[in-house]
Every structure is written in structure tokens, then in C-alpha cells.
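What follows is a short report on a single structure.
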Amino acid sequence: LDENFQLIEYMNMYPSQVGILGLQMLWTRDAEVALTLAKTDKKVMNTMDDKFLQILSRLIDHTLQDLSKVDRTKFETLVTLHVHQRDIFHDLVTSHIKSPTDFEWTKQLRVYYLEEEHRVNIQVTDV
């Protein structure tokens with residue numbers, strides 16, 4: 001996650017569906033980067049796990065603000081989704097998964113943005 005990326009502002013700019021898709025793409029990208037680097041960088045998985053926890057904290061903090069009913073539902077949904085994502089990644093860390101080709105990762109719903117094609121690709125398993 002780019003340190004300058006303003007997650008809450010991004011989520012406020014778009015409807016829930018776009019925010020959900022964005023969060024899923026962000027999680028997939030960052031998790032795969034960590035998994036790819038894990039064999040050579042012993043700390044990257046724990047560092048990414050901490051980043052995912054920080055994202056979750058930001059989303060939770062935002063739900064404590066005075067929000068419209070629609071925005072409250074959007075951010076509560078994003079919190080629920082990211083709790084699940086963070087739990088999945090934490091399980092990968094504690095299971096010592098260190099490859100983006102490991103089944104424990106490929107069995108997860110992954111959302112990729114294919115920049116060259118300007119489209120989103122959703123994958124579960126690679127069989």
C-alpha cells in the first residue's frame with residue numbers, strides 16, 4: 001500500500017461496489033507481493049500482516065464518525081470484508097506459506113486489475 005494513498009478518501013469518492021472491488025484488488029496485489037518476496041525477505045509476511053491490520057483499523061475508525069446510513073453500511077461492509085481478508089492472510093503467515101503458487105493462496109478469491117487491458121480479472125484456484 002502506497003504510504004500516500006488516501007484509503008478513506010478513495011472509498012468516499014465511489015459507491016460501495018467500487019470500494020469493495022478496490023479493497024479486494026489492493027489486498028490481492030499486496031498479498032501477492034509479500035508472498036513473492038517471502039523466500040528472500042523473512043519479515044515481509046509479518047510486515048504485510050501489520051499493514052492489513054492498519055487498513056482494518058482505519059476502516060473501523062471511520063465507522064466511529066458521524067456517517068449517513070448509506071456510508072455507514074458501506075464502511076461496515078468494508079470492515080467485514082477486510083476482517084475476512086486479514087484473517088486469511090494471517091493464516092498464511094502462521095502456516096509459513098511463502099509462495100503465490102501455494103494452494104493455500106490460490107484457493108482464495110483473488111481480484112486482479114490488468115492494467116494493459118483495463119479490466120478486472122477474478123480468480124479462485126488455478127486448475
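Values for this structure:
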| read-out | value |
| --- | --- |
| Residues that are without any contact (Cβ under 8 Å) to a residue 60 or more places away in the chain, surrounded by fewer than 17 Cβ atoms within 10 Å (Cβ to Cβ) and assigned to a loop (DSSP other than H, G, I, E, B), drawn from region 82-121 | 95, 96, 101, 107, 115, 116, 117, 118 |
| Boolean, residue 50 is without any contact (Cβ under 8 Å) to a residue 24 or more places away in the chain, part of a helix (DSSP H, G or I) and open to solvent by 60 Å² or more (accessible area, probe 1.4 Å) | yes |
| Residue list for region 1-47, filter: of a type in the set (D, E, K, R), touching a residue at least 60 places away in the same chain (Cβ under 8 Å) and open to solvent by 60 Å² or more (accessible area, probe 1.4 Å) | 29, 39 |
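The values are calculated or read from the model by the stated rules, or taken from the named source; none is laboratory data. Just so it is clear, the structure is predicted and the values come from calculations on it, not from any experiment. Note that we place each Cβ from the backbone using ideal geometry, even for glycine, and neighbour counts take in every protein chain shown. Please note that ligands, DNA and RNA were not included when accessible areas were found on the heavy atoms of the full protein model with its side chains. Shrake-Rupley method; radii C 1.70, N 1.55, O 1.52, S 1.80 Å.
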